[in-house]
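Beneath this line is the structure, given in structure tokens, with notes to follow.
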Amino acid sequence: MDVNSDRWMQLLIDAGAQMQVTVEEHQARMMAQHAQMLLAWNKKTNLTAIVDPIEIAVKHYLDSLAGLSYIKSGNRVLDMGTGAGFPGLPLKIMLPGLSLVLADSSRKKISFIKHAVRTIGLKDVEPLQARVEQLAQNERFRSGFDVVTCRALKGIDQIIKWALPFLSPNGRIVAYKAAKEIIETTASKENSTFGAYARQFKIQSVEYHLPINKAFRRILIIQPKAKE
């Protein structure tokens, strides 16, 4: 199955419906464009270890869409450590009204994203080559995001530490976690750094299974606690 085939796009539509996500044909086509470019660039530069078309559909695109319930059109979103654009670009395709910043320290990955954004024709998307610690020093980005997403980062305490400078007062972190990364809350609470953050934030764990391969996943929704 080719990522640019009608069958691949129909897979996104049908599997999305299993997740209660309505993927329109034009949205599936944009994801197919992105996937096709991803595989073409991947032959020259390492962007993803996943190259099977069905696995790409499930593990990259459909997994990214699992966070849609926690993001609204019009939100300003920062995707930390975006890699080849996940989950940020699939979320943007589904919610065109997002204002999206995609940050990664890898020049080759940001070069790919810039090319993909231009080719697909996405608007209000800013790819940036930067480490999040450096980006946090820029006043333009501090406290400016409704949502901070991340898929590749491990450790709740580290995620909160990096995302915190970017969150607006009522902002939230949407962190995607794999099955082997069973929630670290208990172990991390022993860490004094996490303990300090735990007093400020509430953490909701949402479990789900991906369609087709039925892989177990978890999304952590991390929000500031209401001040008493």
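Details
- Contact map, segment 203-214: residues that are outside any loop (DSSP other than H, G, I, E, B) paired with residues that are of a type in the set (Gly, Ala, Ser) and surrounded by 13 or more Cβ atoms within 10 Å (Cβ to Cβ), Cβ distance under 8 Å, separation 6+ or inter-chain. Pairs shown: Tyr208/Ala66; His209/Ala215.
- Lys44 being of a type in the set (Lys, Arg) and more than 14 Å from the chain's Cα centre (by Cα): yes
- Listed by first and then second residue, the pairs with beta-carbon distance under 6 Å, at least 6 apart or on different chains, first residue in segment 18-34 and at pLDDT 95 or above and crowded, with 16+ Cβ neighbours inside 10 Å, second of a type outside the set (A, V, I, L, M, F, W, C) and in a loop (DSSP other than H, G, I, E, B), are Ala32/Asn4.
- Ala57 vs. criteria farther than 16 Å from Val174 by Cβ and within 15 Å of the chain's Cα centre (by Cα): yes
- Scanning segment 1-31 for residues that are outside any helix (DSSP H, G or I), of a type outside the set (Val, Ile, Thr) and closer than 22 Å to Arg217 by Cα yields Met19, Gln20.
- Each residue in segment 133-169 was checked for being among the aliphatic types (A, V, I, L, M), in contact with a helix residue (DSSP H, G or I) (Cβ under 9 Å, 6 or more places away or on another chain) and assigned to a strand (DSSP E or B), and 2 pass.
- Selection count, segment 102-132, where residues are in a strand (DSSP E or B) and hydrophobic (A, V, I, L, M, F, W, C): 4
- Members of segment 50-88 that are free of Cβ contacts under 8 Å to residues at least 40 places away in the same chain and under 19 Å from Trp8 (Cβ atoms): Ile50, Val51, Asp52, His60
- Scanning segment 32-56 for residues that are among the hydrophobic types (A, V, I, L, M, F, W, C), within 19 Å of Thr119 (Cβ to Cβ) and assigned to a helix (DSSP H, G or I) turns up Ala32, Ala35, Met37, Leu38, Leu39, Ala40, Trp41, Ile56.
Let's see how each residue does on (1) on the phi < 0 side of the Ramachandran plot; (2) buried (at least 22 other Cβ atoms within 10 Å of the Cβ); (3) of a type in the set (Val, Ile, Thr):
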| position | (1), (2), (3) |
| --- | --- |
| Asn4 | yes, no, no |
| Ile13 | yes, no, yes |
| Lys43 | yes, no, no |
| Asp52 | yes, no, no |
| Leu78 | yes, yes, no |
| Gly81 | no, no, no |
| Phe86 | yes, yes, no |
| Lys92 | yes, yes, no |
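The values are calculated or read from the model by the stated rules, or taken from the named source; none is laboratory data. It should be emphasised that the depicted structure is a prediction, and the values quoted were computed from it without experimental measurement. Cβ coordinates were reconstructed from backbone atoms using ideal geometry, including for glycine residues, and neighbour counts include every protein chain displayed.
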